[in-house]
Amino acid sequence: MSKLTNGLLALSLLAAGFISAQEVEPTTPEETEFYEPKPPKVTPGTNGSAPSDAIVLFDGSSLDNWISAADSTAAKWILNKDGSMTVNNRTGDIQTKQNFGSIQLHIEWKSPAEVQLEGQHRANSGIFLNGLYEVQVLDNNDNPTYVNGQVGSIYKQHVPLAMASVPTGEWNTYDIIYHAPIFEKGQKVKSGSLTVIHNGVLVQDHVEIKGTTPYIGWPKNPVHGKGPLKLQDHGDNSRVSYRNIWVREL
């Protein structure tokens, strides 16, 4: 039987409902090729700079995109001449004015070169997706702590696959893919997920977000929509600095 005859027979069986579309084997390369929709063109950045479709949240020029998480007043962190900002001890967490759902996030951070304190008190901060789900920032160089709270962890939920920090006082990079959870009728129907690349090393591989990331207690799942990106003031003179923060909405 020829390929043409085979194809006609398959189409007849498909039309009659005897077989599904998945069971019809293509006989030409064109049958498995399509040309629409075309992906949008994006100009990539270089050396971590923002691509053309990104929303730049901090470029070192001002804190205008950020507010106090506690009372929505102006962010009180320290703006540095080198294009970074530093946690201003005990002034509180800051968060973006804009709310986001699923995003690709690029953010750079460093601990102070002068080592102070130990464990969770050494250069502790955190990056909260949707204002709820924390990726830990911590100086873990020669500084052991509980592994589900170390640098690169999803706090109290997922241990990182590797400890990929640069030397204390140098700039670290996080590239994070966050997919927000889905809620219907007051219930979570699909968990969110996080992928974290730390200095080019995959440390969280599309892990399930079990819920919020509290210091004490189990994860909770409050119903929510979009929310801010929040940066933590841990309140112990952490002196963590941040720079070059941008997101792409997914």
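The values are calculated or read from the model by the stated rules, or taken from the named source; none is laboratory data. Since the model is a prediction, treat every value here as computed from it, not as a measurement. Here Cβ is always computed from backbone atoms with ideal geometry, including for glycine, and neighbour counts include all displayed protein chains.
Of the residues that make up region 52-71, is at least one among the acidic types (Asp, Glu) and within 22 Å of Trp171 (Cα to Cα)? Checked against the condition, which is being among the acidic types (Asp, Glu) and within 22 Å of Trp171 (Cα to Cα), region 52-71 yields at least one hit. Within region 213-238, residues that are touching a residue at least 12 places away in the same chain (Cβ under 8 Å) have Cβ atoms under 8 Å from residues that are among the acidic types (Asp, Glu) and buried (at least 20 other Cβ atoms within 10 Å of the Cβ) in these pairs: Thr213/Glu134; Lys230/Asp93; Leu231/Asp93; Gln232/Asp93; Gln232/Glu134; Asp233/Asp93, counting only partners at least 6 apart in sequence or on another chain. I'd like to know if region 38-47 contains one or more residues that are surrounded by 12 or more Cβ atoms within 10 Å (Cβ to Cβ), small (Gly, Ala, Ser) and either over 24 Å from His234 (Cβ atoms) or in contact with a Lys or Arg (Cβ under 7 Å, 6 or more places away or on another chain) (or both). The answer is yes; a qualifying residue exists.
Checked against the criterion of being within 18 Å of His234 (Cα to Cα) and of a type outside the set (Val, Ile, Thr), region 59-68 has at least one qualifying residue. Filtering region 167-179 to residues that are in contact with a strand residue (DSSP E or B) (Cβ under 8 Å, 6 or more places away or on another chain) and either not polar (S, T, N, Q) or not assigned by TED's automatic domain parsing to the domain that holds Leu129 (or both) leaves Gly169, Glu170, Trp171, Tyr174, Asp175, Ile176, Ile177, Tyr178, His179. Scoring Tyr174 on the criteria (1) within 12 Å of the chain's Cα centre (by Cα); (2) in a loop (DSSP other than H, G, I, E, B) leaves a single failure, condition (2).
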